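Working notes, beginning with the structure itself.
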Amino acid sequence: GGLSSAVSGAVVSKKSGRISTYRTLIKDFFNVKQPLKYYLLILSFLIISFGAYFISGKISADVKWYSFLIVFSISILFGGIEEIGWRYTFQPTLEKYIPFEAASVTTFFCWGIWHVMYFVVDGSIGNISLIPFFIGLISSCFIMGAIYQLSQSLCLCVIYHSLLNAFSQIVVNDGNLTRNIIIALINIALAILVVRISKIRANKLIM
């Protein structure tokens, strides 16, 4: 599962010299002490993604605050940990050679193939609605790519990924593709916008 991308990402980061020791990786994974503005950015993406569900009351009746915390904790181990491979190692490496937008799309294709292979192996492929899943996946690639590029924080990507998985478990998805596409486009546009603004500011500082 997610451990495969975590292990491969850790090994590549260590062998390439990106990190000196695995202790650095562990520290980055649990480093929750990040600027408030990045947590607000995460909150903004979550509101865009799930706000409509909460407003319309499309929340599972069985969900309690403690059950959400349990799902969130499990999501760190079976989702968030993937970010060691994808956002900490793979996408930043791509961005050394190609623009953020192209790197996000490339990561989407690779991450999508990885997920489908995983679903086939664990036998859940028949229970997955692939079109809505891929719509959400490409949106996530832009979102977490932006979060990492701005913050350089693995921990924030892990938190967002885990919250995304947790909220996805408690909302009642009615299969509205139009809404899903609109939400994805808004998230992608916001991700591109914040990355471009960040680059413009960085260039001004250099000049």
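Data table
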| item | result |
| --- | --- |
| Tabulated pairs, the stretch 88-116, first in contact (Cβ under 8 Å) with a residue 60 or more places away in the chain, second assigned to a helix (DSSP H, G or I) and polar (S, T, N, Q), C-beta under 6 angstrom, 6+ apart or interchain | Thr89/Ser13 |
| Test: residue in the stretch 90-110 that is open to solvent by less than 20 Å² (accessible area, probe 1.4 Å), part of a helix (DSSP H, G or I) and farther than 25 Å from Val195 by Cβ | no |
| Residue list for the stretch 127-150, restricted to those being of a type in the set (S, T, N, Q), assigned to a helix (DSSP H, G or I) and surrounded by fewer than 18 Cβ atoms within 10 Å (Cβ to Cβ) | Asn127 |
| Matching option when the condition is within 16 Å of Phe45 (Cβ to Cβ) and in contact with a His (Cβ under 6 Å, 6 or more places away or on another chain), among Gly136, Gly80, Gly145 | Gly80 |
| Some residue of the stretch 15-35 being part of a helix (DSSP H, G or I), in contact with a Gly (Cβ under 8 Å, 6 or more places away or on another chain) and touching a residue at least 24 places away in the same chain (Cβ under 8 Å) | no |
| Single residue of the stretch 1-26 satisfying the filter (within 20 Å of Ile74 (Cα to Cα) and surrounded by fewer than 18 Cβ atoms within 10 Å (Cβ to Cβ)) that is modelled with the lowest pLDDT | Gly1 |
| In the stretch 27-59, the residues that are in contact with a Lys or Arg (Cβ under 7 Å, 6 or more places away or on another chain) and at pLDDT 95 or above | none |
| Filtered residues of the stretch 151-186 (kept if within 19 Å of Ala102 (Cβ to Cβ) and surrounded by fewer than 22 Cβ atoms within 10 Å (Cβ to Cβ)) | Leu185 |
| Leading residue by the ranking (farthest from the chain's Cα centre (by Cα)) among those in the stretch 61-89 that are in a helix (DSSP H, G or I), farther than 19 Å from Leu25 by Cβ and hydrophobic (A, V, I, L, M, F, W, C) | Trp65 |
| In the stretch 45-60, the residues that are outside any helix (DSSP H, G or I) and surrounded by fewer than 13 Cβ atoms within 10 Å (Cβ to Cβ) | Ser56, Gly57, Ser60 |
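Residue by residue, here is whether (1) surrounded by 14 or more Cβ atoms within 10 Å (Cβ to Cβ); (2) of a type in the set (A, V, I, L, M, F, W, C); (3) under 26 Å from Asp174 (Cβ atoms) holds:
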| residue | (1), (2), (3) |
| --- | --- |
| Leu41 | yes, yes, no |
| Asp62 | no, no, yes |
| Ile70 | no, yes, yes |
| Ile74 | yes, yes, yes |
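The values are calculated or read from the model by the stated rules, or taken from the named source; none is laboratory data. As the structure is a computational prediction, the values presented were derived from the model and not from experiment. As a convention, Cβ positions derive from the backbone with ideal geometry for all residues, glycine included, and neighbour counts pool all protein chains shown. These accessible areas exclude ligands, DNA and RNA; they are computed on the full protein's heavy atoms, side chains included. Shrake-Rupley method; radii C 1.70, N 1.55, O 1.52, S 1.80 Å.
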